[in-house]
Amino acid sequence: MDKQRKQLKDLRSQRWLAPDDMRSFAHRQRLQQMGLRREEFMSRPVIAIINTWSDLSPCHAHLRERADAVKRGILQAGGMPFELPAMSLGEVMVKPTTMLYRNFLAMEVEELLMSLPIDGAVLMGGCDKTTPGLLMGAISADLPCIFVPAGPMLSDRHRGMSVGAGTHTKKFWDEYQAGNIDQPEWIALEARMTRASGTCNTMGTASTMTSIAEAMGFTLPGASSIPAMDAAHTRMASASGARIVDMVWEDLRPSTFFNEHSVRNGVVTYMALGGSTNAAIHLIAVAGRGGVPLTLETIDRQGHGVPVLANIFPSGDRLMEDLYYAGGLPALLKEIREKLALDCMTVNGRTLGDNLQAASCNDADTIRNTENPVTDGRALAVLTGNLAPSGAVIKPSAASAKFLKHVGPALVFDSIAEMNARIHDPNLDADENTVLVLRNGGPVGAPGMPEWGNLPIPRKLLEAGVRDMVRLSDARMSGTHYGTCVLHIAPEAAVGGPLALLQTGDIVELDVDAGRIEMRVSEAELERRREAWKPAVRTVKRGYTRIFLDHVRQANEGCDFDFLMGHEPPVEPSIF
Ligand code: FES
(Lines give C-alpha, C1' and ligand atoms only; values in the text may rest on other atoms or scores of the structure.)
Protein backbone atom coordinates (compact mmCIF):
# COMPACT_ATOMS: atom_id res chain seq x y z
CA MET A 1 0.00 0.00 0.00
CA ASP A 2 2.83 2.37 0.91
CA LYS A 3 4.03 2.91 -2.64
CA GLN A 4 0.52 4.11 -3.57
CA ARG A 5 0.31 6.61 -0.75
CA LYS A 6 -0.15 10.17 -1.84
CA GLN A 7 2.48 12.82 -1.29
CA LEU A 8 1.69 16.24 0.14
CA LYS A 9 2.01 17.81 -3.33
CA ASP A 10 -0.73 15.45 -4.60
CA LEU A 11 -3.35 16.67 -2.16
CA ARG A 12 -6.26 18.44 -3.76
CA SER A 13 -6.17 21.17 -1.10
CA GLN A 14 -2.63 22.07 -2.13
CA ARG A 15 -4.03 23.54 -5.36
CA TRP A 16 -5.66 26.20 -3.18
CA LEU A 17 -2.99 26.58 -0.53
CA ALA A 18 0.46 25.95 -2.00
CA PRO A 19 0.98 28.21 -5.06
CA ASP A 20 2.93 31.43 -4.65
CA ASP A 21 0.32 33.65 -6.26
CA MET A 22 -2.14 36.29 -5.10
CA ARG A 23 -5.20 33.99 -5.06
CA SER A 24 -3.46 31.43 -2.88
CA PHE A 25 -2.10 34.20 -0.70
CA ALA A 26 -5.74 35.16 -0.07
CA HIS A 27 -6.68 31.56 0.77
CA ARG A 28 -3.89 31.32 3.36
CA GLN A 29 -4.58 34.81 4.63
CA ARG A 30 -8.27 34.09 5.21
CA LEU A 31 -7.58 30.87 7.09
CA GLN A 32 -5.25 32.83 9.36
CA GLN A 33 -8.04 35.38 9.76
CA MET A 34 -9.90 32.57 11.60
CA GLY A 35 -7.01 32.18 14.01
CA LEU A 36 -5.33 29.22 12.35
CA ARG A 37 -1.56 29.05 12.25
CA ARG A 38 0.06 28.42 8.85
CA GLU A 39 1.46 25.08 10.00
CA GLU A 40 -2.04 23.90 10.96
CA PHE A 41 -3.22 23.79 7.35
CA MET A 42 -0.20 23.97 5.04
CA SER A 43 1.01 20.40 5.30
CA ARG A 44 -2.04 18.36 6.34
CA PRO A 45 -5.00 16.81 4.54
CA VAL A 46 -8.00 19.11 4.79
CA ILE A 47 -11.03 17.14 5.96
CA ALA A 48 -14.62 18.30 5.65
CA ILE A 49 -17.08 17.21 8.31
CA ILE A 50 -20.39 17.41 6.50
CA ASN A 51 -22.80 17.69 9.40
CA THR A 52 -26.58 17.43 9.03
CA TRP A 53 -27.16 18.61 12.60
CA SER A 54 -29.74 21.31 13.26
CA ASP A 55 -31.92 22.54 16.11
CA LEU A 56 -34.95 21.13 14.25
CA SER A 57 -33.53 17.69 13.56
CA PRO A 58 -34.23 15.62 16.72
CA CYS A 59 -32.57 12.46 15.41
CA HIS A 60 -29.35 14.42 14.88
CA ALA A 61 -29.45 16.55 18.04
CA HIS A 62 -26.19 15.00 19.27
CA LEU A 63 -24.25 15.43 16.02
CA ARG A 64 -23.06 18.96 16.83
CA GLU A 65 -21.30 17.58 19.89
CA ARG A 66 -20.28 14.37 18.10
CA ALA A 67 -18.52 16.44 15.42
CA ASP A 68 -16.07 17.47 18.15
CA ALA A 69 -15.10 13.81 18.58
CA VAL A 70 -14.62 13.51 14.82
CA LYS A 71 -12.37 16.60 14.90
CA ARG A 72 -10.34 15.10 17.73
CA GLY A 73 -9.70 12.00 15.64
CA ILE A 74 -8.78 14.01 12.55
CA LEU A 75 -6.32 16.20 14.45
CA GLN A 76 -4.69 13.26 16.20
CA ALA A 77 -4.18 11.55 12.83
CA GLY A 78 -2.56 14.64 11.33
CA GLY A 79 -5.43 16.15 9.38
CA MET A 80 -7.12 19.54 9.59
CA PRO A 81 -10.92 19.44 10.15
CA PHE A 82 -13.46 21.95 8.92
CA GLU A 83 -17.10 21.45 9.86
CA LEU A 84 -19.55 22.28 7.08
CA PRO A 85 -23.28 22.33 7.83
CA ALA A 86 -25.54 20.74 5.23
CA MET A 87 -29.29 20.54 4.87
CA SER A 88 -30.69 18.81 7.92
CA LEU A 89 -33.67 16.65 7.01
CA GLY A 90 -35.46 15.90 10.28
CA GLU A 91 -37.95 13.39 8.95
CA VAL A 92 -40.94 14.24 11.09
CA MET A 93 -40.60 18.03 10.91
CA VAL A 94 -40.17 18.67 7.19
CA LYS A 95 -43.21 19.27 5.01
CA PRO A 96 -44.38 18.19 2.55
CA THR A 97 -41.72 15.49 2.86
CA THR A 98 -37.98 15.11 3.27
CA MET A 99 -38.01 13.07 0.07
CA LEU A 100 -38.49 16.31 -1.82
CA TYR A 101 -35.09 17.40 -0.49
CA ARG A 102 -32.97 14.22 -0.62
CA ASN A 103 -31.63 15.26 -4.01
CA PHE A 104 -31.11 18.80 -2.71
CA LEU A 105 -28.86 17.41 0.03
CA ALA A 106 -27.03 15.24 -2.50
CA MET A 107 -26.39 18.26 -4.69
CA GLU A 108 -25.29 20.33 -1.71
CA VAL A 109 -22.79 17.68 -0.60
CA GLU A 110 -21.32 17.34 -4.08
CA GLU A 111 -21.04 21.10 -4.56
CA LEU A 112 -19.55 21.67 -1.07
CA LEU A 113 -16.90 19.04 -1.66
CA MET A 114 -16.03 20.18 -5.17
CA SER A 115 -15.98 23.93 -4.57
CA LEU A 116 -13.79 23.96 -1.45
CA PRO A 117 -10.19 22.83 -0.78
CA ILE A 118 -11.23 19.43 0.57
CA ASP A 119 -9.17 16.23 0.47
CA GLY A 120 -11.61 13.91 2.24
CA ALA A 121 -14.93 14.01 4.04
CA VAL A 122 -16.66 12.63 7.11
CA LEU A 123 -20.39 12.38 6.42
CA MET A 124 -22.63 12.72 9.49
CA GLY A 125 -26.29 11.77 9.29
CA GLY A 126 -28.75 8.95 9.67
CA CYS A 127 -32.33 10.22 9.72
CA ASP A 128 -33.98 8.65 6.68
CA LYS A 129 -33.03 10.71 3.60
CA THR A 130 -29.76 11.99 5.02
CA THR A 131 -27.90 8.72 4.49
CA PRO A 132 -28.75 8.35 0.79
CA GLY A 133 -28.40 12.11 0.23
CA LEU A 134 -24.92 12.19 1.79
CA LEU A 135 -23.78 9.06 -0.05
CA MET A 136 -25.15 10.16 -3.43
CA GLY A 137 -23.34 13.50 -3.24
CA ALA A 138 -20.09 12.02 -1.93
CA ILE A 139 -20.04 9.23 -4.53
CA SER A 140 -20.52 11.78 -7.29
CA ALA A 141 -17.73 13.97 -5.88
CA ASP A 142 -15.57 10.85 -5.56
CA LEU A 143 -13.32 12.10 -2.76
CA PRO A 144 -12.31 9.77 0.09
CA CYS A 145 -15.26 9.70 2.48
CA ILE A 146 -16.41 7.85 5.58
CA PHE A 147 -19.94 7.78 6.94
CA VAL A 148 -20.68 8.31 10.64
CA PRO A 149 -24.22 7.02 11.29
CA ALA A 150 -26.19 9.06 13.82
CA GLY A 151 -27.09 5.84 15.65
CA PRO A 152 -30.46 4.64 16.90
CA MET A 153 -32.15 6.19 19.92
CA LEU A 154 -32.50 4.28 23.19
CA SER A 155 -35.39 1.88 23.75
CA ASP A 156 -38.41 2.71 25.89
CA ARG A 157 -41.16 0.66 27.53
CA HIS A 158 -44.88 1.26 27.99
CA ARG A 159 -47.22 -0.95 30.00
CA GLY A 160 -44.34 -3.37 30.36
CA MET A 161 -43.66 -3.80 26.65
CA SER A 162 -40.88 -2.52 24.41
CA VAL A 163 -42.08 0.35 22.28
CA GLY A 164 -40.37 1.74 19.24
CA ALA A 165 -40.54 5.03 17.41
CA GLY A 166 -42.88 5.05 14.45
CA THR A 167 -44.20 1.51 14.68
CA HIS A 168 -45.91 2.05 18.02
CA THR A 169 -47.05 5.55 17.16
CA LYS A 170 -49.10 3.94 14.40
CA LYS A 171 -50.30 1.06 16.63
CA PHE A 172 -51.31 3.38 19.47
CA TRP A 173 -53.01 5.79 17.05
CA ASP A 174 -55.20 2.97 15.71
CA GLU A 175 -56.09 1.93 19.28
CA TYR A 176 -56.85 5.56 20.19
CA GLN A 177 -59.13 5.79 17.13
CA ALA A 178 -60.81 2.54 18.13
CA GLY A 179 -61.44 3.89 21.65
CA ASN A 180 -59.05 1.48 23.39
CA ILE A 181 -56.67 4.25 24.56
CA ASP A 182 -58.06 7.29 26.37
CA GLN A 183 -56.85 10.86 25.95
CA PRO A 184 -54.68 11.09 29.11
CA GLU A 185 -52.77 7.98 28.01
CA TRP A 186 -52.52 9.29 24.45
CA ILE A 187 -51.05 12.59 25.72
CA ALA A 188 -48.68 10.71 28.04
CA LEU A 189 -47.45 8.71 25.06
CA GLU A 190 -46.13 11.91 23.44
CA ALA A 191 -43.22 11.79 25.86
CA ARG A 192 -42.56 8.07 25.27
CA MET A 193 -40.97 6.06 22.48
CA THR A 194 -38.45 8.82 21.66
CA ARG A 195 -36.54 9.18 24.92
CA ALA A 196 -33.18 10.35 23.56
CA SER A 197 -31.41 11.73 20.51
CA GLY A 198 -30.85 9.30 17.71
CA THR A 199 -32.68 7.78 14.79
CA CYS A 200 -35.83 5.66 15.03
CA ASN A 201 -35.04 2.48 16.94
CA THR A 202 -37.16 0.22 14.73
CA MET A 203 -36.02 -1.15 11.37
CA GLY A 204 -37.32 1.93 9.63
CA THR A 205 -35.65 3.69 6.76
CA ALA A 206 -32.94 5.19 8.98
CA SER A 207 -31.61 1.92 10.42
CA THR A 208 -32.12 0.16 7.09
CA MET A 209 -30.06 2.73 5.21
CA THR A 210 -27.30 3.15 7.80
CA SER A 211 -26.94 -0.66 7.95
CA ILE A 212 -26.85 -0.89 4.15
CA ALA A 213 -24.21 1.85 4.09
CA GLU A 214 -22.12 -0.24 6.49
CA ALA A 215 -22.62 -3.42 4.43
CA MET A 216 -21.54 -1.53 1.30
CA GLY A 217 -18.32 -0.52 3.03
CA PHE A 218 -18.91 3.14 3.91
CA THR A 219 -18.56 2.90 7.74
CA LEU A 220 -16.23 1.39 10.26
CA PRO A 221 -17.35 -2.16 11.22
CA GLY A 222 -20.35 -2.18 13.54
CA ALA A 223 -20.85 1.60 13.38
CA SER A 224 -24.49 1.55 12.27
CA SER A 225 -25.75 -0.42 15.29
CA ILE A 226 -24.22 1.69 18.08
CA PRO A 227 -26.90 3.59 20.01
CA ALA A 228 -26.52 7.33 19.58
CA MET A 229 -26.15 7.96 23.32
CA ASP A 230 -23.58 5.21 23.98
CA ALA A 231 -20.01 6.26 24.72
CA ALA A 232 -19.00 3.78 22.02
CA HIS A 233 -20.69 6.12 19.54
CA THR A 234 -18.35 8.93 20.51
CA ARG A 235 -15.36 6.61 20.19
CA MET A 236 -16.59 5.47 16.76
CA ALA A 237 -16.90 9.11 15.67
CA SER A 238 -13.32 9.81 16.79
CA ALA A 239 -12.03 6.65 15.09
CA SER A 240 -13.81 7.64 11.87
CA GLY A 241 -12.09 11.03 12.03
CA ALA A 242 -8.72 9.36 12.44
CA ARG A 243 -9.39 6.89 9.65
CA ILE A 244 -10.40 9.46 7.01
CA VAL A 245 -6.92 11.01 7.19
CA ASP A 246 -5.32 7.71 6.21
CA MET A 247 -7.97 7.20 3.54
CA VAL A 248 -6.80 10.44 1.94
CA TRP A 249 -3.16 9.32 1.88
CA GLU A 250 -4.29 5.91 0.52
CA ASP A 251 -6.57 7.61 -2.05
CA LEU A 252 -9.39 5.27 -1.02
CA ARG A 253 -12.22 6.93 -2.97
CA PRO A 254 -15.74 5.50 -3.60
CA SER A 255 -14.80 4.69 -7.21
CA THR A 256 -12.00 2.44 -5.91
CA PHE A 257 -14.24 0.19 -3.79
CA PHE A 258 -17.92 0.83 -4.50
CA ASN A 259 -19.12 -1.45 -7.30
CA GLU A 260 -21.87 -3.90 -8.27
CA HIS A 261 -20.64 -6.42 -5.70
CA SER A 262 -20.89 -3.94 -2.83
CA VAL A 263 -24.36 -2.97 -4.09
CA ARG A 264 -25.36 -6.64 -4.04
CA ASN A 265 -24.11 -6.83 -0.45
CA GLY A 266 -26.42 -3.88 0.25
CA VAL A 267 -29.39 -5.68 -1.32
CA VAL A 268 -28.78 -8.94 0.58
CA THR A 269 -28.36 -7.03 3.85
CA TYR A 270 -31.57 -5.10 3.15
CA MET A 271 -33.51 -8.35 2.89
CA ALA A 272 -31.95 -9.95 5.99
CA LEU A 273 -32.81 -6.83 7.99
CA GLY A 274 -36.47 -6.89 6.93
CA GLY A 275 -35.71 -3.34 5.85
CA SER A 276 -37.88 -0.42 4.83
CA THR A 277 -39.55 -0.32 1.41
CA ASN A 278 -38.00 3.14 1.00
CA ALA A 279 -34.59 1.54 0.71
CA ALA A 280 -35.49 0.19 -2.72
CA ILE A 281 -35.68 3.75 -4.04
CA HIS A 282 -32.56 4.95 -2.22
CA LEU A 283 -30.43 1.94 -3.16
CA ILE A 284 -31.23 2.41 -6.84
CA ALA A 285 -30.28 6.09 -6.58
CA VAL A 286 -27.06 5.49 -4.60
CA ALA A 287 -25.98 2.64 -6.88
CA GLY A 288 -26.71 4.79 -9.92
CA ARG A 289 -24.33 7.50 -8.71
CA GLY A 290 -21.63 4.84 -8.62
CA GLY A 291 -22.38 3.72 -12.16
CA VAL A 292 -24.20 0.55 -11.07
CA PRO A 293 -27.51 0.28 -12.98
CA LEU A 294 -29.65 -1.32 -10.25
CA THR A 295 -33.29 -2.13 -11.07
CA LEU A 296 -36.27 -3.41 -9.08
CA GLU A 297 -35.95 -6.70 -10.93
CA THR A 298 -32.31 -7.00 -9.83
CA ILE A 299 -33.23 -6.28 -6.21
CA ASP A 300 -35.96 -8.92 -6.43
CA ARG A 301 -33.58 -11.49 -7.93
CA GLN A 302 -30.60 -10.81 -5.65
CA GLY A 303 -32.82 -10.70 -2.56
CA HIS A 304 -34.67 -13.87 -3.39
CA GLY A 305 -34.11 -16.58 -0.80
CA VAL A 306 -32.62 -14.22 1.80
CA PRO A 307 -34.69 -14.71 4.98
CA VAL A 308 -35.47 -11.94 7.46
CA LEU A 309 -33.04 -12.55 10.33
CA ALA A 310 -33.23 -9.28 12.28
CA ASN A 311 -36.02 -9.65 14.82
CA ILE A 312 -36.74 -5.93 14.87
CA PHE A 313 -40.04 -4.04 14.55
CA PRO A 314 -42.02 -3.85 12.30
CA SER A 315 -41.22 -7.37 11.00
CA GLY A 316 -40.14 -8.62 14.46
CA ASP A 317 -40.57 -7.56 18.08
CA ARG A 318 -37.20 -6.14 19.25
CA LEU A 319 -35.46 -2.79 18.87
CA MET A 320 -32.15 -1.54 17.52
CA GLU A 321 -30.63 -1.42 20.99
CA ASP A 322 -31.27 -5.19 21.21
CA LEU A 323 -29.53 -5.67 17.87
CA TYR A 324 -26.49 -3.86 19.27
CA TYR A 325 -26.37 -6.06 22.37
CA ALA A 326 -26.79 -9.14 20.17
CA GLY A 327 -23.59 -8.34 18.28
CA GLY A 328 -24.72 -5.62 15.90
CA LEU A 329 -24.78 -5.69 12.14
CA PRO A 330 -21.50 -7.64 11.79
CA ALA A 331 -23.07 -10.56 13.69
CA LEU A 332 -26.06 -10.51 11.35
CA LEU A 333 -23.84 -10.28 8.27
CA LYS A 334 -21.88 -13.27 9.50
CA GLU A 335 -25.12 -15.31 9.43
CA ILE A 336 -25.56 -14.56 5.72
CA ARG A 337 -21.89 -14.58 4.75
CA GLU A 338 -22.43 -17.21 2.03
CA LYS A 339 -24.58 -14.70 0.20
CA LEU A 340 -22.14 -11.79 0.51
CA ALA A 341 -19.21 -10.77 -1.67
CA LEU A 342 -16.70 -10.93 1.19
CA ASP A 343 -13.78 -9.59 -0.82
CA CYS A 344 -15.36 -6.14 -1.18
CA MET A 345 -13.12 -3.39 0.21
CA THR A 346 -14.41 -1.13 3.00
CA VAL A 347 -13.34 2.23 4.36
CA ASN A 348 -11.10 0.74 7.04
CA GLY A 349 -8.86 -0.66 4.29
CA ARG A 350 -9.90 -4.24 4.99
CA THR A 351 -12.41 -6.42 3.19
CA LEU A 352 -15.90 -7.11 4.45
CA GLY A 353 -14.84 -10.70 5.10
CA ASP A 354 -11.89 -9.53 7.22
CA ASN A 355 -14.18 -7.28 9.21
CA LEU A 356 -16.62 -10.10 9.95
CA GLN A 357 -14.03 -12.46 11.38
CA ALA A 358 -14.36 -11.15 14.94
CA ALA A 359 -18.17 -10.88 14.82
CA SER A 360 -20.31 -13.13 16.98
CA CYS A 361 -23.98 -13.37 17.90
CA ASN A 362 -24.87 -13.09 21.59
CA ASP A 363 -28.64 -13.41 21.27
CA ALA A 364 -30.04 -15.93 18.80
CA ASP A 365 -33.57 -14.62 19.22
CA THR A 366 -32.71 -11.09 18.11
CA ILE A 367 -30.32 -12.16 15.33
CA ARG A 368 -31.82 -15.35 13.96
CA ASN A 369 -30.05 -17.92 11.82
CA THR A 370 -31.24 -19.06 8.43
CA GLU A 371 -32.97 -22.15 9.90
CA ASN A 372 -35.04 -19.99 12.23
CA PRO A 373 -35.99 -16.78 10.39
CA VAL A 374 -38.23 -14.11 11.90
CA THR A 375 -40.95 -14.66 9.33
CA ASP A 376 -41.64 -16.61 6.18
CA GLY A 377 -42.43 -13.32 4.47
CA ARG A 378 -39.84 -11.51 2.40
CA ALA A 379 -38.69 -8.01 3.26
CA LEU A 380 -39.61 -6.80 -0.22
CA ALA A 381 -41.55 -8.16 -3.15
CA VAL A 382 -41.67 -6.45 -6.53
CA LEU A 383 -45.01 -6.40 -8.33
CA THR A 384 -45.91 -5.61 -11.92
CA GLY A 385 -49.10 -5.73 -13.94
CA ASN A 386 -51.51 -3.43 -15.75
CA LEU A 387 -51.69 -1.20 -12.65
CA ALA A 388 -47.90 -0.86 -12.37
CA PRO A 389 -46.16 -1.53 -15.69
CA SER A 390 -42.85 -0.14 -14.35
CA GLY A 391 -43.21 -1.83 -10.98
CA ALA A 392 -44.47 -1.45 -7.43
CA VAL A 393 -43.31 -2.87 -4.10
CA ILE A 394 -44.81 -4.45 -0.98
CA LYS A 395 -43.27 -5.61 2.27
CA PRO A 396 -44.73 -9.09 2.84
CA SER A 397 -42.94 -9.49 6.18
CA ALA A 398 -44.98 -6.59 7.61
CA ALA A 399 -48.26 -7.43 5.85
CA SER A 400 -51.16 -9.73 6.77
CA ALA A 401 -50.65 -13.17 5.26
CA LYS A 402 -54.36 -13.47 4.43
CA PHE A 403 -54.20 -10.42 2.15
CA LEU A 404 -51.14 -11.39 0.12
CA LYS A 405 -53.52 -12.95 -2.39
CA HIS A 406 -56.61 -10.80 -2.56
CA VAL A 407 -59.38 -9.68 -4.91
CA GLY A 408 -61.54 -6.73 -3.96
CA PRO A 409 -63.28 -3.58 -5.19
CA ALA A 410 -61.30 -0.34 -5.31
CA LEU A 411 -62.21 2.75 -3.35
CA VAL A 412 -60.21 5.53 -4.98
CA PHE A 413 -59.12 8.82 -3.46
CA ASP A 414 -57.67 11.38 -5.86
CA SER A 415 -55.73 13.30 -3.24
CA ILE A 416 -54.64 13.19 0.38
CA ALA A 417 -57.09 16.02 1.12
CA GLU A 418 -60.00 14.04 -0.30
CA MET A 419 -58.93 10.95 1.60
CA ASN A 420 -58.65 12.83 4.89
CA ALA A 421 -62.07 14.40 4.36
CA ARG A 422 -63.83 11.09 3.63
CA ILE A 423 -61.97 8.18 5.21
CA HIS A 424 -63.69 8.32 8.59
CA ASP A 425 -67.17 9.07 7.24
CA PRO A 426 -69.50 6.57 8.97
CA ASN A 427 -71.28 6.14 5.62
CA LEU A 428 -68.11 5.27 3.70
CA ASP A 429 -68.88 2.36 1.38
CA ALA A 430 -66.04 0.07 2.52
CA ASP A 431 -65.50 -3.17 4.34
CA GLU A 432 -62.45 -5.26 5.18
CA ASN A 433 -62.20 -6.54 1.59
CA THR A 434 -62.23 -3.11 -0.03
CA VAL A 435 -58.95 -2.04 -1.64
CA LEU A 436 -58.20 1.52 -0.52
CA VAL A 437 -56.41 3.52 -3.22
CA LEU A 438 -54.64 6.86 -2.95
CA ARG A 439 -53.23 8.40 -6.11
CA ASN A 440 -51.34 11.59 -6.94
CA GLY A 441 -48.93 10.90 -4.09
CA GLY A 442 -45.92 10.13 -6.28
CA PRO A 443 -42.73 12.09 -7.03
CA VAL A 444 -44.50 14.56 -9.34
CA GLY A 445 -48.05 14.28 -8.01
CA ALA A 446 -47.56 15.16 -4.34
CA PRO A 447 -44.89 16.48 -5.12
CA GLY A 448 -41.96 14.67 -3.48
CA MET A 449 -43.60 11.27 -2.88
CA PRO A 450 -44.54 11.61 0.81
CA GLU A 451 -45.15 8.69 3.17
CA TRP A 452 -48.90 8.66 2.56
CA GLY A 453 -49.04 5.04 1.39
CA ASN A 454 -50.05 3.56 4.75
CA LEU A 455 -53.64 4.78 4.25
CA PRO A 456 -55.60 4.91 7.51
CA ILE A 457 -58.13 2.19 8.24
CA PRO A 458 -61.62 3.80 8.31
CA ARG A 459 -62.63 4.42 11.92
CA LYS A 460 -65.85 2.45 11.61
CA LEU A 461 -63.77 -0.60 10.60
CA LEU A 462 -61.23 0.01 13.39
CA GLU A 463 -64.10 -0.01 15.87
CA ALA A 464 -65.24 -3.32 14.37
CA GLY A 465 -61.78 -4.80 14.99
CA VAL A 466 -60.25 -4.46 11.51
CA ARG A 467 -56.51 -3.66 11.69
CA ASP A 468 -55.35 -4.23 8.11
CA MET A 469 -56.67 -3.83 4.58
CA VAL A 470 -55.10 -3.92 1.12
CA ARG A 471 -53.98 -0.44 0.23
CA LEU A 472 -52.46 0.86 -3.02
CA SER A 473 -50.69 4.09 -3.84
CA ASP A 474 -47.97 5.77 -5.83
CA ALA A 475 -46.69 7.24 -2.55
CA ARG A 476 -44.20 5.75 -0.05
CA MET A 477 -44.74 4.42 3.47
CA SER A 478 -42.68 4.97 6.59
CA GLY A 479 -40.29 2.08 7.08
CA THR A 480 -41.48 1.89 10.68
CA HIS A 481 -45.04 1.15 9.57
CA TYR A 482 -46.75 -2.11 8.63
CA GLY A 483 -49.76 -3.40 6.74
CA THR A 484 -50.65 -4.78 3.33
CA CYS A 485 -49.62 -1.69 1.41
CA VAL A 486 -48.66 -1.75 -2.27
CA LEU A 487 -46.39 1.24 -2.74
CA HIS A 488 -44.32 3.18 -5.30
CA ILE A 489 -46.69 2.31 -8.17
CA ALA A 490 -44.92 3.42 -11.35
CA PRO A 491 -45.52 5.25 -13.51
CA GLU A 492 -47.39 7.40 -11.00
CA ALA A 493 -50.89 8.74 -11.67
CA ALA A 494 -49.74 12.35 -12.11
CA VAL A 495 -47.73 11.49 -15.23
CA GLY A 496 -50.52 9.38 -16.70
CA GLY A 497 -49.68 5.97 -15.25
CA PRO A 498 -52.53 3.42 -15.32
CA LEU A 499 -53.27 4.15 -11.65
CA ALA A 500 -54.82 7.39 -12.97
CA LEU A 501 -57.39 5.29 -14.86
CA LEU A 502 -58.61 3.17 -11.95
CA GLN A 503 -62.17 3.93 -10.80
CA THR A 504 -64.03 3.20 -7.58
CA GLY A 505 -65.73 -0.17 -7.95
CA ASP A 506 -63.14 -1.63 -10.36
CA ILE A 507 -61.92 -5.01 -9.21
CA VAL A 508 -58.26 -5.09 -8.10
CA GLU A 509 -56.29 -8.31 -7.90
CA LEU A 510 -53.16 -8.66 -5.76
CA ASP A 511 -51.03 -11.81 -5.90
CA VAL A 512 -47.73 -11.27 -4.10
CA ASP A 513 -46.33 -14.74 -4.75
CA ALA A 514 -46.97 -14.30 -8.47
CA GLY A 515 -45.62 -10.73 -8.35
CA ARG A 516 -48.83 -9.31 -9.85
CA ILE A 517 -50.97 -6.24 -9.28
CA GLU A 518 -53.83 -5.92 -11.78
CA MET A 519 -57.13 -4.16 -12.33
CA ARG A 520 -59.78 -6.21 -14.04
CA VAL A 521 -60.66 -3.61 -16.64
CA SER A 522 -60.63 -4.34 -20.35
CA GLU A 523 -57.95 -2.77 -22.54
CA ALA A 524 -60.67 -1.09 -24.63
CA GLU A 525 -62.16 0.54 -21.52
CA LEU A 526 -58.72 1.61 -20.33
CA GLU A 527 -58.03 3.18 -23.72
CA ARG A 528 -61.29 5.10 -23.49
CA ARG A 529 -60.34 6.39 -20.02
CA ARG A 530 -56.81 7.18 -21.18
CA GLU A 531 -58.10 9.45 -23.94
CA ALA A 532 -60.26 11.33 -21.44
CA TRP A 533 -57.41 11.74 -18.88
CA LYS A 534 -55.78 15.16 -18.52
CA PRO A 535 -52.77 16.01 -16.31
CA ALA A 536 -53.38 18.40 -13.43
CA VAL A 537 -52.38 22.00 -14.02
CA ARG A 538 -49.04 22.57 -12.36
CA THR A 539 -49.25 25.27 -9.69
CA VAL A 540 -45.58 25.37 -8.64
CA LYS A 541 -43.70 27.57 -11.05
CA ARG A 542 -40.55 28.60 -9.17
CA GLY A 543 -37.79 27.58 -6.81
CA TYR A 544 -36.26 24.23 -6.05
CA THR A 545 -39.62 22.44 -6.35
CA ARG A 546 -39.78 23.47 -9.99
CA ILE A 547 -36.35 21.91 -10.60
CA PHE A 548 -37.60 18.81 -8.80
CA LEU A 549 -40.76 18.56 -10.92
CA ASP A 550 -38.88 19.12 -14.16
CA HIS A 551 -36.18 16.54 -13.50
CA VAL A 552 -37.23 13.86 -11.00
CA ARG A 553 -37.40 10.30 -12.31
CA GLN A 554 -39.95 7.73 -11.26
CA ALA A 555 -39.68 5.51 -8.16
CA ASN A 556 -38.41 2.50 -10.09
CA GLU A 557 -35.47 4.66 -11.21
CA GLY A 558 -34.65 5.88 -7.70
CA CYS A 559 -36.26 9.35 -7.93
CA ASP A 560 -32.89 10.89 -8.76
CA PHE A 561 -32.68 13.87 -11.10
CA ASP A 562 -32.15 12.97 -14.75
CA PHE A 563 -29.11 15.27 -14.96
CA LEU A 564 -27.37 13.70 -11.95
CA MET A 565 -27.83 9.99 -12.60
CA GLY A 566 -24.90 7.76 -13.46
CA HIS A 567 -21.23 8.10 -12.78
CA GLU A 568 -19.02 10.66 -14.46
CA PRO A 569 -15.62 11.92 -13.35
CA PRO A 570 -16.18 15.00 -11.17
CA VAL A 571 -15.34 18.32 -12.75
CA GLU A 572 -12.71 20.17 -10.76
CA PRO A 573 -13.29 23.93 -10.42
CA SER A 574 -10.93 26.36 -12.08
CA ILE A 575 -8.13 27.37 -9.73
CA PHE A 576 -8.42 31.03 -10.71
FE1 FES B 1 -35.47 10.49 12.12
FE2 FES B 1 -37.14 8.29 12.18
S3 FES B 1 -37.64 10.44 12.32
S4 FES B 1 -35.00 8.42 11.89
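The values are calculated or read from the model by the stated rules, or taken from the named source; none is laboratory data. If you're wondering where the values come from, they're calculated on a predicted model, not measured in any experiment. Note that we place each Cβ from the backbone using ideal geometry, even for glycine, and neighbour counts take in every protein chain shown.
Quick rundown of the values:
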| quantity | calculated |
| --- | --- |
| Residues located in the range 54-63, provided they are touching an Asp or Glu at 6+ places or on another chain (Cβ under 9 Å) and outside any helix (DSSP H, G or I) | Ser57, Ala61 |
| Flag for Gly391 being under 25 Å from Leu220 (Cβ atoms) and either among the hydrophobic types (A, V, I, L, M, F, W, C) or out of contact with any Phe, Trp or Tyr (no Cβ under 7 Å at 6 or more places or on another chain) (or both) | no |
| Exclusive hit being more than 34 Å from the chain's Cα centre (by Cα), of a type outside the set (A, V, I, L, M, F, W, C) and either within 16 Å of the ligand (Cβ to nearest atom) or modelled with pLDDT of 95 or more (or both), set Gln76, Gln29 | Gln29 |
| Enumeration of residues in the range 362-409 that are without any contact (Cβ under 8 Å) to a residue 24 or more places away in the chain and crowded, with 24+ Cβ neighbours inside 10 Å | none |
| Lone qualifier among Glu108, Glu83 - being at pLDDT 95 or above, farther than 22 Å from Met449 by Cα and either in contact with a strand residue (DSSP E or B) (Cβ under 9 Å, 6 or more places away or on another chain) or among the small types (Gly, Ala, Ser) (or both) | Glu83 |
| Residue within the range 143-162 that is touching a residue at least 40 places away in the same chain (Cβ under 8 Å), within 16 Å of the ligand (Cβ to nearest atom), part of a strand (DSSP E or B) and within 26 Å of Asn454 (Cα to Cα) present | yes |
| Residue list for the range 29-73, restricted to those being in contact with a helix residue (DSSP H, G or I) (Cβ under 6 Å, 6 or more places away or on another chain) and more than 21 Å from Pro144 (Cα to Cα) | Leu31, Trp53 |
| Residue satisfying all of: in the range 479-516; surrounded by fewer than 23 Cβ atoms within 10 Å (Cβ to Cβ), of a type outside the set (Lys, Arg) and assigned to a strand (DSSP E or B); farthest from the ligand (Cβ to nearest atom) among these | Ile507 |
| Meets criteria (among the acidic types (Asp, Glu), in contact (Cβ under 8 Å) with a residue 12 or more places away in the chain and more than 16 Å from the ligand (Cβ to nearest atom)) for Glu40 | yes |
| Hits in the range 3-20 - residues which are closer than 13 Å to Met247 by Cα and among the hydrophobic types (A, V, I, L, M, F, W, C) | Leu11 |
| Considering residues of the range 466-478 that are touching a residue at least 60 places away in the same chain (Cβ under 8 Å) and in a loop (DSSP other than H, G, I, E, B) only, the residue nearest to the ligand (Cβ to nearest atom) | Ser478 |
| Gly166 within 27 Å of Ala232 (Cα to Cα) and touching a Cys at 6+ places or on another chain (Cβ under 8 Å) | yes |
| Any chance Arg66 is within 16 Å of the ligand (Cβ to nearest atom) and not in a loop (DSSP other than H, G, I, E, B) | yes |
| Wholly within the range 180-266, helices (runs of 4 or more DSSP H) carrying at least 3 residues that are within 16 Å of the ligand (Cβ to nearest atom) and hydrophobic (A, V, I, L, M, F, W, C) | 205-215 |
